[in-house]
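Each remark here refers to the structure printed beneath this line.
The values are calculated or read from the model by the stated rules, or taken from the named source; none is laboratory data. Every value quoted in this text rests on a predicted model; they were computed, and no experiment measured them. FYI the Cβ positions are ideal-geometry reconstructions off the backbone, even for glycines, and counts take in every protein chain you see.
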Amino acid sequence: MKILITGGAGYIGSHTLRQFLKTSHELYVLDNLSKGSQTSLEDLSRIRNFEFFKQDLSDFKGLKELFKTQKFDAVVHFAASIEVFESMQNPLKYYINNTANTANLIQTCLENGVFKFIFSSTAATYGEPKTPVVSETSPLMPINPYGKSKLMSEELLRDASVAFPEFKHCILRYFNVAGACMDFKLGQRYPKATLLIKVAAEVAAGKREKLFIFGEDYETKDGTCIRDFIHVDDISSAHLVALEYLKDNASDVFNVGYGHGFSVKEVIETMKKVSGVDFKVEIAARRAGDPSVLISDASKIRSLTSWQPQFDDLELICRSAFEWEKQC
């Protein structure tokens, strides 16, 4: 198949590209490089060739021309704005970058006969759950514009599939993605990342002065938020599985996580342990838009697909992140 990966120079996109490069698919990457890494793409090109288009999804005319020229068979859509706190400060950016651009991408797919679509969604669509563990049927009540913009995109996909039954999509709701490839040849390069394990690894490696805990007054075992942290390579492999799933199945949605959570303080202690660095930590006020607990019920993807996570170990995830920061 000819597969277009949007946002393929970003953190999860580049790791997924790496896994797709091990297949026989013909691969194309579209990224505006606002947060993606040209270096990552250059490193990945040593595995085998793929074609790169430096382009923004808001360039509707250019996108339509690209689809007419290339005749893709499937799209794996990562390109988006992803920071919860920023979305509270600049919501329109998220509705434009995430929802409006996804609508245009879907329309372009339909106009050009591209009927397989894998969508990078988020556990933020669940908002502040009434239960600590959420399944795909749990209420969808996002509490920040990031989650809302992703949920709107999900609805666009569902409506498109109803109107055009040949258009099949698979929605993957990620939980907290972290870590780097276990050979340490690929990781997250964006210097202003806000993901907890990434930031903790940067502090341990001496790239930042200290780490902030945003709130220790949540109703959890130690007062800090609890999240389901999943290794980036396990998230990446879910996209290959999802594309395979669409061959013989209807459109669907899957949580992608491990099904258990760790608090912010537990993650910090684990990073200190694997790095051997007792780095500086300060308590700060809560950030708007952060739910207290978010843990996946990922039994559906395990039972209906061939997805089998390989790196369900917090120490391993933290160690991979730290080793990457030391050498990148």
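General observations
- Flag for Val277 being under 24 Å from Glu216 (Cβ atoms), surrounded by fewer than 19 Cβ atoms within 10 Å (Cβ to Cβ) and either of a type in the set (Val, Ile, Thr) or touching a strand residue (DSSP E or B) at 6+ places or on another chain (Cβ under 9 Å) (or both): yes
- Residues that are under 25 Å from Leu27 (Cα atoms) and not assigned by the TED database to the domain that holds Thr137 do not occur anywhere in segment 219-226.
- If you check Leu246, Leu316 for being surrounded by fewer than 23 Cβ atoms within 10 Å (Cβ to Cβ), over 30 Å from Lys210 (Cβ atoms) and at pLDDT 95 or above, only one passes: Leu246.
- Taking the listed residues His231, His169, the one that is crowded, with 23+ Cβ neighbours inside 10 Å and closer than 25 Å to Asp313 by Cβ is His231, with no other qualifying.
- Screening segment 106-120 for residues that are touching a residue at least 60 places away in the same chain (Cβ under 8 Å) and within 18 Å of the chain's Cα centre (by Cα) and picking the one that is nearest to Arg173 (Cα to Cα) gives Ser120.
- Those residues of segment 31-65 which are basic (Lys, Arg) and farther than 14 Å from Tyr11 by Cα, in sequence order: Arg46, Arg48, Lys54, Lys61, Lys64
- Every residue from segment 176-212 that is surrounded by fewer than 18 Cβ atoms within 10 Å (Cβ to Cβ), under 22 Å from Gly261 (Cβ atoms) and in contact with a helix residue (DSSP H, G or I) (Cβ under 8 Å, 6 or more places away or on another chain): Ala193, Thr194
- Breaking point among (1) within 24 Å of Ser37 (Cα to Cα); (2) modelled with pLDDT of 95 or more, for Glu83: (2)
For every residue, the table says whether it meets (1) in a strand (DSSP E or B); (2) without any contact (Cβ under 8 Å) to a residue 12 or more places away in the chain; (3) more than 20 Å from Ser320 (Cβ to Cβ).
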residue	(1), (2), (3)
Thr220	no, no, yes
Thr224	no, no, yes
Ile230	yes, no, no
Ser237	no, no, no
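- First in segment 54-82 and among the aliphatic types (A, V, I, L, M), second anywhere and surrounded by 14 or more Cβ atoms within 10 Å (Cβ to Cβ) and assigned to a strand (DSSP E or B), Cβ under 6 Å, 6 or more apart: Ala74/Ile3; Ala74/Lys116; Val75/Leu4; Val75/Phe117; Val76/Ile5; Val76/Ile118; Ala79/Thr6
- When segment 247-306 is filtered for residues that are out of contact with any helix residue (DSSP H, G or I) (no Cβ under 9 Å at 6 or more places or on another chain) and more than 30 Å from Asn90 (Cα to Cα), the ones remaining, listed by number, are Lys247, Asp248, His260, Glu269, Asp297, Ala298, Ser299, Lys300, Arg302, Ser303.
- Annotation note: of Asp297, Asp313, the sole residue that is assigned by the TED database to the domain that holds Leu196, over 22 Å from Gly187 (Cβ atoms) and among the acidic types (Asp, Glu) is Asp297.
- Restricting segment 125-137 to residues that are at pLDDT 95 or above and crowded, with 18+ Cβ neighbours inside 10 Å, the residue that is farthest from Ile3 (Cα to Cα): Val133
- Among the residues of segment 253-280, those identified as of a type in the set (Val, Ile, Thr) and part of a strand (DSSP E or B) are Val253, Val256.
- Only a single criterion out of (1) assigned to a loop (DSSP other than H, G, I, E, B); (2) over 25 Å from Pro139 (Cα atoms); (3) of a type in the set (A, V, I, L, M, F, W, C) is not satisfied by Ile283, namely (1).
- Filtered by the rule that a residue be more than 23 Å from Leu17 (Cα to Cα) and surrounded by fewer than 16 Cβ atoms within 10 Å (Cβ to Cβ), segment 66-92 gives Phe85, Gln89, Asn90, Pro91, Leu92.
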